[in-house]
Amino acid sequence: MQTRVDPFPLSPLPVTAAPTAAATRDRTDFGILGAISFSHLLNDMIQSLILAIYPILKHDFALDFGQIGLITLTYQITASLLQPLVGLFTDRRPMPYSLPLGMGFTLCGLILLALAPHFSVLLLAAALVGTGSSVFHPESSRVARMASGGRHGLAQSLFQVGGNTGASLGPLLAAWIIVPHGRGSVAWFSLAALLAIVVLLQVSRWYRQQHLQQVGRRAPATTHSLPLRKVTLAMGILGLLIFSKYFYLASLSSYYTFYLIHRFGASVQSAQVHLFVFLFAVAAGSLIGGPVGDRIGRKWVIWASILGVAPFTLLLPHVDLFWTGVLTVIIGLILSSAFSAILVYAQELIPGRVGMVSGLFFGFAFGMGGIGAAVLGHVADSHGIEYVYQICAYLPLMGLITVFLPNLDSPRHDQPRAA
């Protein structure tokens, strides 16, 4: 399709032509970016409730750490396997109203989570929420790029900050609402899903109008001079960096509360507040990587984000509760800045396949988080929760392989913001 082709050439050629009607039309649409970011906030807030109520589920269903990891694995593998397929399909046949439909799956999973009578139904609820994510993320990422006006990193960061902010709210809302009132109170959050459906219906109308306007209009394809071998190598490197980032994040998002309770004797509510602070730092950091990548180049943001966090992860297992809180905030801020830069870099590696690339990387990220949660759960059962943080501390050192990524872009201080 022509609607998702990057209007910028990857080679930094000077632009001398006067502004055109297309340039006016392709200004950054902050209204749509705000709506899709808000929907991302609601979507990921709902999803984060699964992680936030793990201590409650563990108590209510007498689960071990391996079963906790299996819940995360079910949710994230569902999303991981379906997202690239959804993106590939919608690259060829756009489906604007798939956004509220996907949120409907999330709504069903949320209600089932509140009412599940046994462990197998919990897994089904997690699978439904994962299915909702598999539809929401690639199509929302496409909308963000369509509304970017060429400022692709900024648009992805604004989209991402909504999701990360929502993810940070889950533990806090769980501490305030679900812990005092029990698992059944999860059903109240169905109102958030209904609100997201209403917002996404408006976004879908805009998406449909944009698609109809661009049918039959050919846009210049974004190209680069890299051979297929180098593109394949670069995609493999990005995959390893995603593995490093999300395997480490799984140790914090899934087991941070248990780590604080076990090592420092923190209460459940105190541990959930600590998890909220960490996830809020992740949200704040996600706003940095995209616009900085637009200015200085995405490779350098990726390099600084993945490798730059290593000193802090190596210190984390050896400090007290206060410094644990401080270090996790720093880790969240630095590590979260990578994803927007990685995603836009990958979209530029494979132009014209925004949905497939977005689905692939969101799906792979979720998959790595799910596998990480399952593997680390078994490690925690066999070697103790503190051992998990000792071995995961070395994962960010994989950021060294960023040196092998080709330079696709250069700083864009003088280039216009629109096509």
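For the range 327-356, a residue qualifies if it is more than 21 Å from G399 (Cβ to Cβ) and among the hydrophobic types (A, V, I, L, M, F, W, C), and the qualifying residues are I350, V354, M356.
Residues in the range 139-168 that are within 18 Å of A192 (Cα to Cα) and surrounded by fewer than 24 Cβ atoms within 10 Å (Cβ to Cβ): V161, T165. Pairing each residue of the range 309-320 that is farther than 17 Å from L241 by Cβ and without any contact (Cβ under 8 Å) to a residue 24 or more places away in the chain with any residue that is in a helix (DSSP H, G or I) and of a type in the set (V, I, T), provided the two are 6+ apart or on different chains, yields C-beta distances under 9 Å for F312/T328; F312/I330; F312/I331; F312/I334; V319/V326. Where residues in the range 34-59 are of a type outside the set (A, V, I, L, M) and over 17 Å from the mean Cα position of the chain (by Cα), which of them is surrounded by the fewest Cβ atoms within 10 Å (Cβ to Cβ)? That would be H59.
Pairs linking a residue in the range 178-206 that is free of Cβ contacts under 8 Å to residues at least 12 places away in the same chain and on the phi < 0 side of the Ramachandran plot to a residue that is open to solvent by 40 Å² or more (accessible area, probe 1.4 Å) and part of a helix (DSSP H, G or I), with Cβ atoms under 8 Å and 6 or more positions apart or on different chains, are W188/I177. The criterion of at least 2 residues that are at pLDDT below 80 is met by the following helices (runs of 4 or more DSSP H) wholly inside the range 46-119: 54-61, 65-92. Restricting attention to the range 139-161, the residues being of a type outside the set (G, A, S), under 13 Å from Q347 (Cβ atoms) and more than 13 Å from the chain's Cα centre (by Cα) number 4.
All but one of (1) closer than 18 Å to Q347 by Cα; (2) over 19 Å from the mean Cα position of the chain (by Cα); (3) of a type outside the set (G, A, S) hold for L123, so report the exception by its number. Just one mismatch for L123, condition (1). Exactly one residue out of S410, S358, S340, S336 is among the hydroxyl-bearing types (S, T, Y) and modelled with pLDDT under 80: that is S410.
Of all the listed residues (S270, S251), the sole one being open to solvent by 10 Å² or more (accessible area, probe 1.4 Å) and among the small types (G, A, S) is S270. The C-beta contact set for the range 246-266 (first residue under 19 Å from S80 (Cβ atoms), second residue part of a loop (DSSP other than H, G, I, E, B) and open to solvent by less than 30 Å² (accessible area, probe 1.4 Å), distance under 9 angstrom, 6+ apart or interchain) comprises Y248/V309; Y248/A393; L249/S336.
Results for (1) crowded, with 24+ Cβ neighbours inside 10 Å; (2) closer than 17 Å to S253 by Cα, shown as yes or no for each residue.
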site	(1), (2)
F61	no, no
L70	no, yes
L82	no, no
V86	yes, no
L113	yes, no
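Of Q213, Q202, all but one fail to be within 24 Å of L33 (Cβ to Cβ), part of a helix (DSSP H, G or I), open to solvent by 80 Å² or more (accessible area, probe 1.4 Å) and at pLDDT 85 or above; the exception is Q202. All conditions in (1) more than 22 Å from the chain's Cα centre (by Cα); (2) open to solvent by 50 Å² or more (accessible area, probe 1.4 Å) hold for M398, with the sole exception of (1). Could you tell me whether the range 374-386 includes any residue that is modelled with pLDDT under 80, under 16 Å from S244 (Cβ atoms) and open to solvent by 10 Å² or more (accessible area, probe 1.4 Å)? The answer is no, given that none of the residues of the range 374-386 is modelled with pLDDT under 80, under 16 Å from S244 (Cβ atoms) and open to solvent by 10 Å² or more (accessible area, probe 1.4 Å).
Within this structure, F136 fails the test of being under 19 Å from the mean Cα position of the chain (by Cα), open to solvent by 50 Å² or more (accessible area, probe 1.4 Å) and modelled with pLDDT of 85 or more. When the test is whether a residue is open to solvent by 10 Å² or more (accessible area, probe 1.4 Å), farther than 18 Å from S80 by Cα and in a helix (DSSP H, G or I), I371 does not pass it. Screening R27 with (1) assigned to a helix (DSSP H, G or I); (2) surrounded by fewer than 24 Cβ atoms within 10 Å (Cβ to Cβ); (3) modelled with pLDDT of 80 or more gives one miss only, at (1).
The values are calculated or read from the model by the stated rules, or taken from the named source; none is laboratory data. Bear in mind the structure is a predicted one, so any value in this text is a computation, not a measurement. Virtual Cβ from ideal backbone geometry, glycine too; neighbours counted across all protein chains shown. Note: areas computed on protein heavy atoms with side chains; ligands, DNA, RNA excluded. Shrake-Rupley method; radii C 1.70, N 1.55, O 1.52, S 1.80 Å.
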